[in-house]
Every structure is written in C-alpha cells, then in structure tokens.
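Before any comments, here is the structure.
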Amino acid sequence: MKTLKTLKAELMARPGVRAEYEAQADEFAMARELIAARTRAGLTQADVAERMGTTQSTVARLEGGKATPSLRSVQRYAQAIGCRAVVRLEHA
C-alpha cells in the first residue's frame, strides 16, 4: 500500500499535476492560515459558524482551499475567532 507521501511524490512528478498544484498555492496558503488561526483560538468550525451567523459547511468551504474567499468573508471569519484580517502585498 502506498503512503500519502509516496502518492503525492508520484503525482507531483507529472508536469500537469505540478502546474495545477502550484497555480492553487495561494488558495492552499489561505486555507492553512484560516485553519491555523482557528486552531490557535481553540475553536471548532461549528463555533466559528455560530459566531459568524452562518453554517459549519460554509466555514468548511472557507477553509477548503478550493476558492479564494472574499475579503469580507475573511474579515468576518477573523472577527469570529478574535483576530483582525490584514492584507499585505509582496513583490513576486
């Protein structure tokens, strides 16, 4: 049986897969940041949803990394976990 690490290495060896993965790097980074901040706050997705006045599935979609959430959604999420959203621009 293959491990996740082995499978990922095999998939990343394919040029098309690697390119698509790299194209979504910003979305994955956003998802990791949201999840890490929620975890540091000691909250579940259901807790955040209740504080945002939305559903747990909406919070799961925000954290899913498949699409970039709106700035307003990130601000609401941040407020729900006791944080402040900050936008920073960096040179490529």
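The values are calculated or read from the model by the stated rules, or taken from the named source; none is laboratory data. For clarity, every value in this text was computed on a predicted model and none was experimentally measured. Here the Cβ is made from the backbone with ideal geometry for all residues, glycine too, and neighbour counts use every protein chain on show.
Being over 9 Å from the mean Cα position of the chain (by Cα) and aromatic (Phe, Trp, Tyr), is that true of even one residue in region 57-78?
Yes, region 57-78 has at least one match.
A quick yes/no check of all residues on (1) of a type in the set (Gly, Ala, Ser); (2) at negative phi:
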| position | (1), (2) |
| --- | --- |
| THR6 | no, yes |
| ALA25 | yes, yes |
| LEU34 | no, yes |
| GLY42 | yes, no |
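Any chance you could count how many residues in region 4-31 are touching a residue at least 12 places away in the same chain (Cβ under 8 Å) and either within 20 Å of THR58 (Cβ to Cβ) or part of a helix (DSSP H, G or I) (or both)?
The initial filter retains those residues of region 4-31 that are touching a residue at least 12 places away in the same chain (Cβ under 8 Å), namely 24, 26-28, 30-31.
Add one more test, that the residue is either within 20 Å of THR58 (Cβ to Cβ) or part of a helix (DSSP H, G or I) (or both), and what stays is 26-28, 30-31.
Matching residues across region 4-31 total 5.
Can you say whether GLU10 is within 23 Å of PRO69 (Cα to Cα) and of a type in the set (D, E, K, R), as far as the supplied structure shows?
In short, no.
Kindly evaluate TYR77 against the criterion of being of a type in the set (Ser, Thr, Tyr) and at pLDDT 95 or above.
Taking the combined requirement at face value, the residue satisfies it.
Across region 32-71, which residue is surrounded by the most Cβ atoms within 10 Å (Cβ to Cβ) among those that are under 17 Å from GLY82 (Cα atoms) and touching an Asp or Glu at 6+ places or on another chain (Cβ under 8 Å)?
It comes out as LEU34.
Right, MET1: outside any helix (DSSP H, G or I) and hydrophobic (A, V, I, L, M, F, W, C) or not?
yes
Look through THR58, THR68 and report the one residue that is in a helix (DSSP H, G or I), of a type outside the set (A, V, I, L, M, F, W, C) and closer than 29 Å to GLU20 by Cβ.
Going through THR58, THR68 in turn, just one is in a helix (DSSP H, G or I), of a type outside the set (A, V, I, L, M, F, W, C) and closer than 29 Å to GLU20 by Cβ: THR58.
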